[in-house]
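Down below is the structure, laid out as structure tokens.
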Amino acid sequence: MKRRTFIKNTAATSGLLTLGGLGLNGCTTPSKKHITILHTNDVHSHIDTFPKDHANFPGLGGLARRAGLVERIRKENPNTLLFDAGDIFQGTPYFNFYGGELEFKLMSMLNYDGATIGNHDFDNGIDGLLAQMPHANFDFISANYDFTNTPLQGLTKPYQIYIKDGIKIGVYGLGIELNGLVSKQLYQETKYLDPYELAVETEQQLKLTEQCHLIICLSHLGYEYASINKPDDLKLAKKTKYTDLIIGGHTHTFLEKPTIISNANDRDVLVNQVGCFGVHLGRIDFNFDTEKNTASGYSIKV
């Protein structure tokens, strides 16, 4: 697994992306509108701030700090959504003692809107994940995990639609192949479906049937792999037609600002990931205008 662990001392300057043509999936709203997307990934049960003498993340992170940052951004722009791209569990004694209860309760207090499921979220098995779901007041979104004949059947959604200031935002989720990463006894009869096929099928549903203005993928596939046969976010972006933003996880890749990839229609897609352990918060701003739609993003140190 390729892991990028560089961190800058200041937040990255955002790159402004002008979305040409019809822009964000044909949005024809009559006035200027602003949607902010905040996101985390691979927090791995890190609740507390790192010690000031920590080798890699001195004095960084902590859920209380993230909560304060999210609150300030929501006051700045009430049309804000908050998502997580998986691996919420495993990494500190909080998970060992409480099995994920604390993580889900605190995410609910922060009013997360949705999350996809990472491989480590199965570390206490499907039954362990199921036991903690009542503590989560947010959507679990996964299009390519088929939970038929498991305790999670009917408890996840392939996609969810959110509406902010009249903008219809479709969000779908993708998970990594569990075989080889997770013991079969933990994920039971969960079936892994081809993420590329499910992405194209789901984004088409969101665009053509649901008429979404903005389409986002929560991905726990990983940012980039050398193997052409292993699905990742950069390859995914090239295969999509209607997805505007891919929020990634799994590879703990620290990006200062989103990567821009041309999709199958030669339209730009943003791909972002903010490392791990909650030390960074991703922010993407979409500005809708009848003449020009733009998007920009950057990573905020917590």
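The values are calculated or read from the model by the stated rules, or taken from the named source; none is laboratory data. What you see is a predicted model, and the numbers here were worked out from it, not measured in a lab. Neighbour counts run over all protein chains shown; Cβ positions are idealised from the backbone, glycine included.
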- Task: Being within 27 Å of E197 (Cβ to Cβ), part of a loop (DSSP other than H, G, I, E, B) and touching a helix residue (DSSP H, G or I) at 6+ places or on another chain (Cβ under 9 Å) is the filter here, so list the residues in the range 123-158 that pass it.
- Result: F138, A143, N144, F147, T150, P151, L152, L155, P158
- Say whether the condition of being in a strand (DSSP E or B) and modelled with pLDDT of 95 or more is met by at least one residue in the range 60-81. yes
- Task: Return yes or no: is K230 within 17 Å of the chain's Cα centre (by Cα), surrounded by fewer than 23 Cβ atoms within 10 Å (Cβ to Cβ) and not β-branched (V, I, T)?
- Result: no
- Query: All but one of (1) surrounded by fewer than 20 Cβ atoms within 10 Å (Cβ to Cβ); (2) among the aromatic types (F, W, Y); (3) in a loop (DSSP other than H, G, I, E, B) hold for F89; which doesn't?
  - Reply: (1)
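Please note which strands (runs of 3 or more DSSP E) are completely contained in the range 223-280 and include at least 1 residues that are farther than 22 Å from L81 by Cβ.
Values: elements: 245-247, 259-262, 268-272.
It comes to 259-262.
Take the residues of the range 282-302 that are within 21 Å of T243 (Cα to Cα) and aliphatic (A, V, I, L, M): which is modelled with the lowest pLDDT?
So, considering only residues that are within 21 Å of T243 (Cα to Cα) and aliphatic (A, V, I, L, M), the one modelled with the lowest pLDDT is A295.
Collect the residues in the range 59-68 that are out of contact with any helix residue (DSSP H, G or I) (no Cβ under 8 Å at 6 or more places or on another chain) and surrounded by fewer than 17 Cβ atoms within 10 Å (Cβ to Cβ), keeping them in residue-number order.
First, pick out the residues of the range 59-68 that are out of contact with any helix residue (DSSP H, G or I) (no Cβ under 8 Å at 6 or more places or on another chain): 59-62, 64-66, 68.
Hits for the range 59-68 are G59, A64, G68.
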- Considering only the range 92-108, how many residues are in a helix (DSSP H, G or I) and closer than 20 Å to I141 by Cβ? 6
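Looking at K191, K164 in this structure, which one is within 18 Å of G114 (Cβ to Cβ) and touching a strand residue (DSSP E or B) at 6+ places or on another chain (Cβ under 6 Å)? Before you say what the answer is, go through the steps one by one.
Details: K191 fails: within 18 Å of G114 (Cβ to Cβ).
It is K164.
Looking at the range 165-197 only, could you name the residues that are surrounded by 21 or more Cβ atoms within 10 Å (Cβ to Cβ) and not in a loop (DSSP other than H, G, I, E, B)?
Answer for the range 165-197, where residues must be surrounded by 21 or more Cβ atoms within 10 Å (Cβ to Cβ) and not in a loop (DSSP other than H, G, I, E, B): I169, G170, V171, Y172, G173, L174, G175, Y187, P195.
Considering each residue of the range 23-58, count those that are part of a loop (DSSP other than H, G, I, E, B) and either at pLDDT 95 or above or surrounded by fewer than 22 Cβ atoms within 10 Å (Cβ to Cβ) (or both), and give that number. Can you show your working first?
So the first thing to find is which residues in the range 23-58 are part of a loop (DSSP other than H, G, I, E, B), and the list is 23-32, 41-58.
From what is left, the residues that are either at pLDDT 95 or above or surrounded by fewer than 22 Cβ atoms within 10 Å (Cβ to Cβ) (or both) are 26-32, 41-58.
Looking only at that region, the number is 25.
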- Do we find that S219 is more than 13 Å from the chain's Cα centre (by Cα), surrounded by 24 or more Cβ atoms within 10 Å (Cβ to Cβ), part of a strand (DSSP E or B) and of a type outside the set (K, R) in this structure? no
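Tell me whether the range 71-86 contains one or more residues that are surrounded by 13 or more Cβ atoms within 10 Å (Cβ to Cβ), closer than 21 Å to F254 by Cβ, within 21 Å of the chain's Cα centre (by Cα) and of a type in the set (K, R).
Our first condition is that a residue be surrounded by 13 or more Cβ atoms within 10 Å (Cβ to Cβ); within the range 71-86, this holds for 73-74, 77, 79-86.
If we keep only those that are closer than 21 Å to F254 by Cβ too, we end up with 73, 82-86.
With the extra rule that they be within 21 Å of the chain's Cα centre (by Cα), the set shrinks to 73, 82-86.
Imposing the further condition that a residue be of a type in the set (K, R) reduces the set to none.
Within the range 71-86 (the criterion being surrounded by 13 or more Cβ atoms within 10 Å (Cβ to Cβ), closer than 21 Å to F254 by Cβ, within 21 Å of the chain's Cα centre (by Cα) and of a type in the set (K, R)), the answer is no, since none of the residues qualifies.
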- Message: Can you say whether H213 is surrounded by 24 or more Cβ atoms within 10 Å (Cβ to Cβ) and under 24 Å from L255 (Cβ atoms), as far as the supplied structure shows?
- Response: no
